[in-house]
Each structure stands twice: as C-alpha cells, then as structure tokens.
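Visitor: The structure that follows is given in the form of structure tokens.
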Amino acid sequence: MPKMWQGVTEKIKARQAKRKKIDDSRPIRTEFVPDEYFCLPPLNLENLHPNEIKPLFLAKIMYCKDLYSCSSKEPDGVRKRNHKTETIKELAHFAKTSKLIYEEEVVKEFLEMIKVNIITQIPEYDDEDDDIFKEPQFEHIGFMLNLLALFMANKHLDAKAIKPYINPSFIRDLFRQLHHPDERIREGIKTIIHQFYVQFVGHRTFIRRNIRDQLLTFIYEDDTYRGTPHLLQVMGSIVRGYSTPLKNEHKLFLVKVLLPLHASPKFSDFSSNMSFLMVHFAQKDPSLSSVILSAVLRLWPLANTPKELELLEEVEEILSFCEPEVFSQVCNDLFKRLGKCMGSQHYQVAERSLYFLNKTYILGLIEENIKLAFPAIIPELVQTASTHWNHSIVLLVCNLLRSLMEIDEDLFTTIVYECDMGSEQSVDIEDRRSTARKTIATGMERVSDLKNKESIASLSPNRKSGSKNDKYMQRH
C-alpha cells in the first residue's frame with residue numbers, strides 16, 4: 001500500500017478508536033434543551049455519537065430562533081449575542097455539506113429559524129440623509145442570509161423536499177425585504193431570490209411575475225422602492241439564460257416594463273443594470289435592437305446630462321449588435337440625436353457622442369446610410385466648430401469633419417456649402433471644396449485662439465474664482 005494511503009487509513013482508524021472510546025465512556029444523549037444557558041456541547045462530529053447529532057443540531061436551531069439585541073451594551077446581552085453568532089457559525093458547516101439538514105423535521109425548523117431572523121419590520125429612513133443606514137441587527141441577519149445561501153448551494157440539495165417550505169408567501173416576504181435601507185441586506189436577499197429561481201423551476205413564473213409587478217409599481221405608482229437595481233440584476237441573470245427564439249412573454253416584458261423604466265427620474269440608480277439587460281436582449285434577438293433604440297431615443301432627457309451620458313453608453317453597446325437592415329429603421333432619429341449631442345455645450349456629452357464615430361462598426365453604419373447620416377450630423381458639427389467654447393471639442397470636430405469629407409467628398413461639400421451660404425447652392429465643385437476647407441481651417445484657428453485664451457485666463461493674477469466664466473465652467 002502506498003505511504004499516502006497508509007497515512008489516511010491510520011487517521012481513519014484513530015478517529016474510529018476515539019469515537020468508540022467516547023461511546024464507551026458516557027451515555028448517549030438523544031434530547032437536548034435549547035442552549036439558553038450555554039450548556040450544549042459543540043457540534044463536533046468527532047466527539048458526538050451519530051445518534052446525538054440530529055437532536056443537538058435541532059436544539060441549536062431552536063436556540064437561534066430567539067432574537068437578541070446586537071446593540072445591547074449589557075454584559076448579559078453581549079454574551080447572548082456573541083453566543084448566538086458562534087452557534088450560527090456552527091450551523092454553517094452543516095448547511096453547506098450535510099445531508100441531515102434536508103430531513104423533513106430538520107429542514108422545517110431550519111427554514112423557520114431563517115424566516116424569524118431575516119423577515120423583519122422595515123426601518124424608517126430618509127434616503128436623502130447623508131449617513132448610510134446600518135441595520136443594528138445585521139450581525140445576525142447577515143449570518144442568517146449567508147446560512148441560507150450555503151443551504152441553497154449544498155450539493156445534497158433536494159428541491160422537491162424543501163419546496164413546501166420555500167413557498168410563495170416566503171418569496172413575497174423577501175421581495176418586501178428588498179426595500180430595506182441597509183444595502184448589505186438587499187444584496188444578500190438578491191442572491192437568495194436568484195438561487196430560488198435557479199433551483200425551483202416551479203416557482204420561476206411566480207418570481208418573474210413578482211419582479212414585473214414590483215417594477216410596474218415603481219414606474220407608475222411609487223418610485224421609492226429601494227430594490228429596483230437588485231431586481232434588475234436578478235433579471236439580467238435570468239435573461240442571460242433564456243433560450244432562443246425568445247418567447248413572446250419575454251419580449252412583452254421588455255416592451256411593457258424595462259423600456260418604460262428609462263423614463264424614471266431615478267434611472268441613474270440602475271443604468272448599468274439596464275444596459276446589461278438591453279445588450280442581452282439584443283444579443284438574443286437582434287431584431288429587438290430597433291425596438292430598444294426607438295424607445296431610448298423617444299425618452300431622451302431634455303436637461304439631464306448624467307442621464308444623457310448613460311444613455312449614450314447604452315446606445316453604443318446596442319449598436320454593436322444592430323444588423324444593417326434593423327439599423328435602417330432607426331438611423332434617421334438616431335443620427336438627429338447624435339448630431340444634437342455633438343453640438344451640446346456640455347463638454348462630456350459632446351465628447352462622448354463624438355467618440356461614437358471612432359468606432360469602425362458605427363462608421364460602417366454611417367457609410368451604408370450616408371444620405372440620412374450626413375444631413376443630420378454635418379450641420380451640427382459645422383455649428384460646433386464655430387461656436388463651442390472648449391478647444392478640445394473643436395479639435396475633435398475638425399478632425400471628424402476631415403474624416404467625413406474623405407467618405408463622400410461631393411455630399412460633404414454640398415452640405416457644408418449650404419450651411420455656410422444658407423439655402424444657396426453651388427454647382428461649382430471647387431466653390432464647395434473651398435468652402436469646406438475654409439470651414440475646417442477656421443475651426444482649427446479657433447482651437448489655437450481658445451487654447452491661448454484658456455492659458456491666459458489660468459495665469460491671470462486678477463482672475464476671480466466667482467467670475468461668470470467660472471460659474472459657466474462649473475455648470476458644464
């Protein structure tokens with residue numbers, strides 16, 4: 001026998017001998033009183049008879065149903081709190097690895113213990129408060145959420161056996177707890193809801209319906225619900241797992257629930273989650289790209305710079321999955337919006353939209369729809385080159401104008417000439433070329449002038465921080 005296996009065999013024999021010695025040295029206990037006075041032995045399998053494990057485990061579960069204040073400063077309160085914490089940690093090993101926990105008597109009491117500890121009254125809290133809310137009982141609630149997550153990840157999990165205890169009532173309670181002001185609790189519950197969705201096929205429709213109802217309430221009735229970003233994260237994982245072709249039910253959820261969420265004043269709270277969802281819907285069904293883009297463009301904000309930046313990010317990602325025949329359905333509205341963004345007096349909006357045209361696939365879409373793209377974009381670029389206050393933006397615009405001129409010089413020069421001369425048109429190609437070159441050259445001169453003015457202003461000893469220009473820069 002190899003030395004490695006000899007060592008393992010010796011350890012097993014030693015453990016069996018120790019167990020036999022324990023069994024022979026004391027009577028076997030089959031009943032344990034919940035550990036109010038800290039008299040229960042630890043859940044150490046090496047020191048317990050097999051017949052003692054289940055009753056001891058149940059006794060510790062019953063003990064953990066009792067609630068102790070985690071903010072108490074009294075010695076007895078601190079002792080009870082710490083002892084319960086240690087007991088929960090003992091239960092964690094069983095929750096993660098043991099088959100015993102799925103026996104009917106045990107699983108019933110175990111899940112009841114979890115519910116008692118994590119389903120609590122939602123504290124009142126003003127989200128406008130600068131102080132981040134910290135749940136006083138989080139020490140125990142957090143451990144219980146982790147305990148439930150380990151229970152759901154156990155390789156011996158028997159979904160059929162525990163489904164009667166993971167019922168719709170419990171799931172609804174979890175959705176309510178997602179409104180808790182403590183972000184840590186919301187994160188833990190989000191994980192649990194997703195685990196329930198994965199493990200309980202019979203509950204999937206119910207969970208999706210609850211997500212839908214909660215999001216519709218957020219859109220049309222009460223947008224104070226704090227769990228919206230977390231529900232969208234769960235939906236992101238769900239959508240990623242959808243098979244194709246997508247069911248009509250899932251497309252309807254996109255159109256009736258997710259797209260209207262773009263109009264929410266609190267969009268910034270979940271913009272990254274929304275972008276993830278939109279991209280995965282577009283991946284699953286590229287024809288939905290036009291539906292998504294049309295809705296986003298229709299709901300574009302008039303005076304909300306952060307939201308404009310978030311939507312530009314989302315639009316760019318969706319365009320990477322947009323097929324030419326689908327793109328043609330939205331290109332007119334899209335180019336008009338991009339043109340307005342390129343002419344924005346807000347530096348970041350202008351810069352972000354100008355960088356769109358650095359993408360090869362977007363330039364390809366422009367070339368395929370050039371008769372719609374150029375009239376929408378070029379006039380805005382010409383205007384920006386002659387009026388924008390930031391030299392970096394003017395420089396980007398001038399470089400972009402050169403690039404667009406190379407794509408289709410005839411159409412480009414015609415549009416630039418019309419911008420410069422009003423409605424007057426020239427049949428002379430040289431006149432148009434001269435006007436286009438002059439427009440770009442004038443823009444480049446403005447770049448130098450603006451840079452010089454900015455340098456002088458920054459060095460001026462009499463420059464006041466409260467000047468009109470400063471206030472403008474702060475706003476933009």
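The values are calculated or read from the model by the stated rules, or taken from the named source; none is laboratory data. These numbers come from a predicted model, not from an experiment. Here the Cβ is made from the backbone with ideal geometry for all residues, glycine too, and neighbour counts use every protein chain on show.
Visitor: Please go through the stretch 280-309 and give me each residue that is closer than 14 Å to Leu319 by Cβ and surrounded by fewer than 19 Cβ atoms within 10 Å (Cβ to Cβ), ordered by number.
Guide: Once the filter is applied, which keeps residues that are closer than 14 Å to Leu319 by Cβ and surrounded by fewer than 19 Cβ atoms within 10 Å (Cβ to Cβ), the stretch 280-309 yields Gln283, Pro286, Ser294, Leu297.
Condition check ((1) more than 25 Å from Gln199 (Cβ to Cβ); (2) loosely packed, with under 13 Cβ neighbours inside 10 Å) across all residues:
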site: Glu52; (1), (2): yes, no
site: Lys65; (1), (2): no, no
site: Asp76; (1), (2): yes, yes
site: Phe94; (1), (2): no, no
site: Gly142; (1), (2): no, no
site: Asn146; (1), (2): no, no
site: Ile162; (1), (2): no, no
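Visitor: Let me ask something additional. Please count how many residues of the stretch 51-69 are among the aromatic types (Phe, Trp, Tyr) and assigned to a helix (DSSP H, G or I).
Guide: Of the residues in the stretch 51-69, 2 are among the aromatic types (Phe, Trp, Tyr) and assigned to a helix (DSSP H, G or I).
Visitor: Could you please let me know if Glu406 is out of contact with any helix residue (DSSP H, G or I) (no Cβ under 6 Å at 6 or more places or on another chain), crowded, with 17+ Cβ neighbours inside 10 Å and either more than 25 Å from Leu450 (Cα to Cα) or of a type in the set (Lys, Arg) (or both)?
Guide: Considered against the rule, which asks whether it is out of contact with any helix residue (DSSP H, G or I) (no Cβ under 6 Å at 6 or more places or on another chain), crowded, with 17+ Cβ neighbours inside 10 Å and either more than 25 Å from Leu450 (Cα to Cα) or of a type in the set (Lys, Arg) (or both), Glu406 comes out as no.
Visitor: Okay, moving on. Yes or no: the stretch 368-378 includes at least one residue that is under 17 Å from Arg437 (Cα atoms) and of a type in the set (A, V, I, L, M).
Guide: yes
Visitor: Take the conditions farther than 30 Å from Pro324 by Cα, surrounded by 14 or more Cβ atoms within 10 Å (Cβ to Cβ), among the acidic types (Asp, Glu) and in contact (Cβ under 8 Å) with a residue 24 or more places away in the chain and apply them to Asp420. Does it pass?
Guide: It is true that Asp420 is farther than 30 Å from Pro324 by Cα, surrounded by 14 or more Cβ atoms within 10 Å (Cβ to Cβ), among the acidic types (Asp, Glu) and in contact (Cβ under 8 Å) with a residue 24 or more places away in the chain.
Visitor: Any residue in the stretch 258-286 that is in contact (Cβ under 8 Å) with a residue 24 or more places away in the chain sitting within a Cβ distance under 8 Å of a residue that is hydroxyl-bearing (Ser, Thr, Tyr) and assigned to a loop (DSSP other than H, G, I, E, B)? List the pairs, counting only those 6 or more apart or interchain.
Guide: Going by the 8 Å Cβ cut-off, the qualifying pairs are Lys284/Tyr242; Lys284/Thr244; Asp285/Thr244.
Visitor: Could you count how many residues in the stretch 273-308 are closer than 24 Å to Glu221 by Cα and either of a type in the set (Lys, Arg) or outside any helix (DSSP H, G or I) (or both)?
Guide: So the answer is 8.
Visitor: Sticking with this structure for a sec: Only residues in the stretch 186-214 that are farther than 30 Å from Ile132 by Cα count as the first member; pair them with residues that are among the aromatic types (Phe, Trp, Tyr) and modelled with pLDDT under 95, Cβ under 7 angstrom, at least 6 apart or cross-chain, and list the lot.
Guide: none
Visitor: Can you pull out the residues in the stretch 310-359 that are closer than 22 Å to Ala282 by Cα and assigned to a loop (DSSP other than H, G, I, E, B)?
Guide: Of everything in the stretch 310-359, those that are closer than 22 Å to Ala282 by Cα and assigned to a loop (DSSP other than H, G, I, E, B) turn out to be Ser320, Phe321, Cys322, Glu323, Ser328, Gln329, Val330, Lys359.
Visitor: Further question on the same structure: Any residue in the stretch 121-131 that is surrounded by 13 or more Cβ atoms within 10 Å (Cβ to Cβ), out of contact with any Pro (no Cβ under 9 Å at 6 or more places or on another chain) and among the polar types (S, T, N, Q)?
Guide: No; the residues of the stretch 121-131 include none that is surrounded by 13 or more Cβ atoms within 10 Å (Cβ to Cβ), out of contact with any Pro (no Cβ under 9 Å at 6 or more places or on another chain) and among the polar types (S, T, N, Q).
Visitor: Can you name every one of the helices (runs of 4 or more DSSP H) wholly within the stretch 175-272 that holds 3 or more residues which are buried (at least 19 other Cβ atoms within 10 Å of the Cβ) and of a type outside the set (Lys, Arg)?
Guide: 183-199, 204-220, 228-240
Visitor: Let me ask something else. Applying the selection to the stretch 114-151, what residues are assigned to a loop (DSSP other than H, G, I, E, B), touching a residue at least 24 places away in the same chain (Cβ under 8 Å) and not aliphatic (A, V, I, L, M)? Give the derivation first.
Guide: From the stretch 114-151, those assigned to a loop (DSSP other than H, G, I, E, B) are 119-137; that's our starting set.
Imposing the further condition that a residue be touching a residue at least 24 places away in the same chain (Cβ under 8 Å) reduces the set to 119-120, 122-123, 125, 127, 132-137.
Matches in the stretch 114-151: Thr120, Pro123, Tyr125, Asp127, Phe133, Lys134, Glu135, Pro136, Gln137.
Visitor: Continuing with this model, one more query. Taking Lys155, is it in contact with an Asp or Glu (Cβ under 8 Å, 6 or more places away or on another chain), in a loop (DSSP other than H, G, I, E, B) and not aliphatic (A, V, I, L, M)?
Guide: No, not satisfied.
Visitor: Ok, one more. Hey, among Lys108, Lys65, Lys80, Lys84, which residue is within 26 Å of Gln177 (Cα to Cα), more than 33 Å from the chain's Cα centre (by Cα) and at pLDDT below 90?
Guide: Only one candidate qualifies: Lys80.
Visitor: Restrict the check to the stretch 90-98 and report whether at least one residue is touching a residue at least 60 places away in the same chain (Cβ under 8 Å) and in a helix (DSSP H, G or I).
Guide: To start, the set of residues in the stretch 90-98 that are touching a residue at least 60 places away in the same chain (Cβ under 8 Å) comprises none.
Looking for residues that are touching a residue at least 60 places away in the same chain (Cβ under 8 Å) and in a helix (DSSP H, G or I), one finds none in the stretch 90-98, hence no.
Visitor: Related question: Out of all the residues in the stretch 345-362, is one or more more than 18 Å from Leu311 (Cα to Cα), buried (at least 17 other Cβ atoms within 10 Å of the Cβ), among the hydrophobic types (A, V, I, L, M, F, W, C) and modelled with pLDDT under 90?
Guide: no
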